[in-house]
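What follows is calculated from the coordinates using simple rules that are stated; it is not laboratory data. Because the structure is predicted, anything quoted here is derived from the model rather than measured. Positions of Cβ are generated from backbone atoms using ideal geometry, with glycine treated the same way; all protein chains shown enter the neighbour counts.
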Amino acid sequence: MRIASSATRYALRELLDVVPPFTVLEPYRDSNLNRWRSTGSYRCVASSNSGWKLEVNHREFASSLIADCNHLLNQVTEHRAQLLQALSAPVDPSPAWLFVTLYYMGLYSTLAWTRVVNRSVLYLDREAISKYCGGASTRPGAGSYVMQFKVGYPGETAEVDFVRSVSHFHEAVWLTASKEAIKLCEWVNGATTGRAASSDELLTLRSFAHLAKPAFHNTPHWPSKLRNAVNYRPGYAYRSVLKNNLLRVRRQLTGAKLSTFEDIVSHCDHALGDIDPTMHPADTPNEAVDLLTGLTLMLEAYAEEALDEISSVQDLACSAKRQRTTFRRAMCAHPAAALLAI
């Protein structure tokens, strides 16, 4: 599959600092950021009501971060298998629940992408924050935080900043992804000043325009708003018993045959053209499903490419990609795979 390499070059601007050569990525199965919080080597050097700063063991942190990325992409892969299993069944008993599965596939893709661009979104309770901040006299409360690795000149201490985001985790994820999309588009436009943009750069701009300028009411977290309507608004979406479903998730997922990355971006373009930006996503849920599907596949592909590239450049080895490929061959061999198993 061909994807725009300029998106990966954007990620590598910081990812090359985050993940140095000789970082040990295996075994990754039981490694993740949550485990690192309990067992990792770090020291709190500053804390305030809005966040805190840690000095960290550089390669240890990098290993945990990459493990987290791979676990998130594994979660995307398992959700894909679940969706394809549902789509291969003769009937769909609950389009609403099918949407929820798609939503979480999208959320995990977005979390993986924000991690590879060094803007990891985490929800941390008071116990977790207490563990990080140790005996600091001032510390923030529970909520969503954006974690960013920082290192200055060679030989300086590696640091990780935690900065408070909006309180709700799902909103924080989509908001962070939108902010990074704006920065990425500005970076590509800046790189093409005085010359014509390449086909890859144009495709990248098209891709991230769908995140940089939200489809509904200028609200970056519109996917979460739709999920809330589907899952928590009685009488709105769970209507199979009434034989009166407004959601057509099965039709939307199987109606488009996407075989290339450009097909995915075009799918987003067409979906956006069918959406009235003044409306709530719950008013046009099927068009929103199309856009969410495209964004999900797009961000997954970019995250995978960034991990492939950092492993190649830094000469790192990890079994995660091979394991996902093996799983997909076994569990994603369904007729609808042309859409969801790119």
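Report the charge-dipole magnitude of the chain in Debye, nearest 20, computed about the Cα centre from +1 at each Lys and Arg Cβ and -1 at each Asp and Glu Cβ.
Charge dipole, the chain, about its Cα centre: 740 debye, nearest 20.
Give the residues of the stretch 234-253 whose amide nitrogen is closer than 18 Å to a point set 7 Å from the Cα of His168 in the direction of its Cβ.
234-237
Between Gln323 and Leu242, what is the label-to-label distance in nm when each label sits 7 Å out along the Cα-to-Cβ direction?
My value for the distance between the label points is 4.4 nm.
Lys179: which aspartates and glutamates have alpha carbons under 19 Å from its alpha carbon, excluding same-chain residues fewer than 8 sequence positions away?
Glu14, Asp161, Glu171, Glu201, Glu300
With r defined as the distance between the Cβ atoms of Thr278 and Arg126 and R0 fixed at 30 Å, what FRET efficiency is calculated, to the nearest 0.05?
FRET efficiency, Thr278 to Arg126: 0.15.
Give the relative contact order (percent, whole number) for the stretch 245-342; include only Cα pairs under 8 Å separated by 6+ residues.
40
Measure nothing but the geometry: give the 0 to 90° angle between the long axis through the Cα atoms of 169-191 and the longest principal axis through the Cα atoms of the chain, rounded to 10°.
It is inclined by approximately 80 degrees.
Relative to the longest principal axis of the chain, what angle (0 to 90°, nearest 10) does the C-alpha long axis of helix 320-331 take?
The helix 320-331 is inclined about 20 degrees to the chain.
Considering only C-alpha atoms, what is the centroid distance from the stretch 244-314 to the stretch 54-117, in Å?
15
Wrap a convex hull around the Cα atoms of the stretch 175-262, take a quarter of its surface area, and give that in square nanometres.
7.9
Starting with the fewest neighbours, write out Asp315, Asp269 ranked by other beta-carbon atoms found within 10 Å of each beta-carbon.
Asp315, Asp269
Could you line up Val18, Val100 from fewest to most neighbouring Cβ atoms inside 10 Å? Don't skip to the end; give the middle numbers.
Numbers: Val18 25, Val100 17.
Lowest count first: Val100, Val18.
Using only the Cα atoms of the stretch 98-201, what semi-axes does the equivalent ellipsoid have when each is the square root of 5 times a gyration tensor eigenvalue? Give whole Å, largest first.
Equivalent ellipsoid of the stretch 98-201: 30, 22, 11 Å, largest first.
Take Lys257, Lys213 and order them by how many other Cβ atoms sit within 10 Å, fewest up front.
Lys257, Lys213
List the residues, sorted by chain then number, that are 5 or more residues from Lys150 or on another chain and whose placed amide H is less than 5 Å from its amide H.
Here the answer is Glu159, Val160, Asp161, since their amide H atoms fall under 5 Å of that of Lys150.
What do you get for the angle between helix 199-212 and the principal long axis of the chain? Use alpha-carbon atoms, 0 to 90 degrees, nearest ten.
The helix 199-212 is inclined about 90 degrees to the chain.
Ordered by residue, what ³J(HN,Hα) values in Hz, to whole numbers, does the stretch 88-97 give under the Karplus form 6.51 cos²θ - 1.76 cosθ + 1.60, where θ = phi - 60° and Gly and Pro are x?
Listing the rounded values in order: 7, 6, x, 9, 10, x, 8, x, 5, 6 Hz.
Compute the Rg to Rh ratio over the chain from the alpha carbon atoms, using the Kirkwood formula for Rh, and round to two decimal places.
Radius of gyration over Kirkwood radius for the chain works out to 0.97.
Using helices alone, what [θ] at 222 nm do you get for the chain, with -39,500 (n - 2.57) per DSSP H run of 4 or more residues, divided over all residues and rounded to the nearest 500?
Mean residue ellipticity, 222 nm, calculated: -18500 deg cm²/dmol.
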